[in-house]
Amino acid sequence: MGRMRENPRYNVISMRISDEEREHLENLMSKTKKSVSDIMREAMEYFSAQHDQQTNLEQKAA
């Protein structure tokens, strides 16, 4: 029986990418020694932080 995880992940998201995008992703995986899932999680965190920063700048400008 598998070990119990503190934060199990049950949701699966799939997406279609081009051959070029796949090659880029494989290069990132090779360079960072990270999985596709880890890279995508980091990308979401980065995007969210950038979005929040942009929103804050827009609110200050208004």
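No value in this document is a laboratory result; all are computed from the given coordinates. The shown structure was predicted, so the numbers you read here are calculated from the model rather than taken from an experiment. Positions of Cβ are generated from backbone atoms using ideal geometry, with glycine treated the same way; all protein chains shown enter the neighbour counts.
What residue, among those in the stretch 1-33 that are farther than 16 Å from residue 43 by Cα and basic (Lys, Arg), is surrounded by the fewest Cβ atoms within 10 Å (Cβ to Cβ)? Result: 3. The set of residues in the stretch 32-62 being part of a helix (DSSP H, G or I) and polar (S, T, N, Q) consists of 32, 37, 48, 50, 53, 54, 55, 56, 59. Are any of the residues in the stretch 18-31 of a type in the set (S, T, N, Q) and assigned to a helix (DSSP H, G or I)? Within the stretch 18-31, one or more residues are of a type in the set (S, T, N, Q) and assigned to a helix (DSSP H, G or I).
Taking the stretch 27-56, which residues are over 23 Å from residue 10 (Cα atoms) and in contact with a helix residue (DSSP H, G or I) (Cβ under 9 Å, 6 or more places away or on another chain)? Listed by number, the residues that qualify are 28, 32.
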